[in-house]
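Peer 1: Just passing along the structure, written as structure tokens.
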Amino acid sequence: MIGKTLITSTMEKEIIGMTQRELTRYRVIKNLIAKLINGTDAAKQLSLSVRQVKRLKARVIIGGAKGIPHKSRNRESNHRTDPELWQTAKDLIEAKYPDFGPTFAHEKLTEIHGLKIGEAAVRNLMIAEKIWTPEKRKKNKQYRCQRERKSSFGEMIQFDGCYHLWLEDRGKEYCLLSGIDDATGKPVKLEFADSESVLDVFAYWKEYIKQYGKPVAIYLDKYSTYKINHKSAKDNHELLTQFQRACKELDIGLITAHSPQAKGRVERPFFTFQDRLVKDMRLQNISTVEDANKFLKDFWTEDYGKRFGVAPKSKTDLHRKLSGKELANLDAIFSVQSIRQVKNDFTVQFKNCWYQLEKEQPVCVRRQEKILIEERLDGSLAIRLRGKYLNFKQLPAKPEKIKNAPFALPAKSKAHAPAANHPWRGKFAKLERCEKVFS
């Protein structure tokens, strides 16, 4: 009797932490033990099976209130990361990957260093050691509906350019031209250029079409390279940019987005590129744009597609092959075309240079006729009239006009002072004397 009291006294002093749910379970099981309810009623009250209620009853009879909480509470997990592995991963991340995200850091730890550590463990490590801080979720301020992906590869390519210090302090700012296939989400072609100018964009798409063929449509923004945004262009559909004209000749549809979110499949990867691509090129010690483009073409573009791409609904490739005529005229199609007028002496002026048309031509050339000048990607010029290329030669530069002609200016003459006995002085002197008298 004395022993039982002591045990009860000891048990009463012990504090057992329980949630409200566990406390409810304990009360129901105590009622069950006291035979105030049966097992079926207890199972209904706790939303448990009768079998589980029997187990809880047995545990409470043996251990009292300790039988209600889970046995693994306050115990270390069997799947916890080994302390030595944790420390090794921490040292490597702090030394080599301090500005990497958890997913990217996990890839490098497993691929380069061969550490057998989970992605979630790396994330928890970087948060616990204050190496990386997760961003807060942004509240949706505007409702947007997701557009369904295209079904086939080559059905629509989302295209855009992004300016960034891709080589960090090892180079200047470049523009990354990116084409993302809408059906797969894979980058089909990535290339660094100086800018998003028409010549750089033409060079990009010329190589793309040679490699893959013509896509059905291109989805892009309203940048001046791709679209004339002047208000008069809304009524006059004949006003085309050089890029629109080239795509029209190749029968490629152009779709212009009204917001960045509309073409999110090419906009969102730029955040990943600015994180992963910059750091990968740093690890590869790439410091020139030529090496960067080679790295993109040989490895990085395909590797990114394998990691983040999705399978298309249809396995059909909708890229169209170039016809023989299109292939022969590809240099002309991807050229900057300008219209000029033939002078009376059969010369043409273009960009402060003069060109003389030869006497022998494949087509009749008349004075004051409009001709087409093609400024090609290799820097050469071609002059076309009614589908025929004209023969011409560049004239030597004309002598410059002398803007500031050298001539002598006459010396500045001083105002003439009349003599003291000059007649005018006499008149003015009399007037002054009269004024003094009458004043």
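Peer 1: Per 0.36 nm of contour for each residue apart, how much would the distance between Leu322 and Arg245 grow if the chain were fully extended, relative to their Cα-Cα spacing? Intermediate values should be presented prior to the final figure.
Peer 2: On the way: separation 77, 0.36 × 77 = 27.72 nm, distance 1.69 nm.
My answer for the length gained is 26.0 nm.
Peer 1: Further, regarding this structure: Using only helices, what value at 222 nm comes out for the chain when you add -39,500 (n - 2.57) per DSSP H run of length 4 or more and divide by the total residues, to the nearest 500 deg cm²/dmol? Please list the in-between numbers first.
Peer 2: Details: 17 runs with 159 residues, N = 439.
Value at 222 nm, helices only, nearest 500: -10500 deg cm²/dmol.
Peer 1: Taking a cut-off of 19 Å between Cα atoms, list the lysines near Lys96, but don't count ones fewer than 8 places away on the same chain.
Peer 2: The reachable lysines, counting only those whose Cα sits under 19 Å from Lys96, are Lys108, Lys116, Lys130, Lys279.
Peer 1: For Gln261 and Leu23, compute 0.36 nm times the residue count separating them, minus their Cα-Cα distance, and round to one decimal in nm.
Peer 2: Full extension of this stretch gives 80.7 nm more.
Peer 1: Let me ask something else. Give the lysines reachable from Lys343 as a straight Cα distance under 29 Å; neighbours fewer than 8 places away on the same chain don't count.
Peer 2: Lys351, Lys359, Lys370, Lys388, Lys393, Lys398, Lys401, Lys403
Peer 1: Can you pull the one-decimal nm distance between simple spin-label points at Asp82 and Trp354, each 7 Å off the Cα toward Cβ?
Peer 2: Using points 7 Å along Cα→Cβ, the separation is 8.4 nm.
Peer 1: In debye to the nearest 20, how big a dipole does segment 335-394 give about its Cα centre with +1 on each Lys and Arg Cβ and -1 on each Asp and Glu Cβ?
Peer 2: Details: 12 positive and 7 negative charges, 44 e Å.
Roughly 220 debye for segment 335-394.
Peer 1: Quick one: which of 113-122, 79-88 comes out on top by average Cβ neighbours within 10 Å, and what's the full order, highest first?
Peer 2: Per-residue mean Cβ counts within 10 Å order the peptides as 113-122, 79-88.
Read the figures in this text as sums done on the coordinates, not as results from a lab. Because the structure is a prediction, the values reported are computed rather than measured. Glycine gets a Cβ as well: all are built from the backbone with ideal geometry, and neighbour counts include every protein chain shown.
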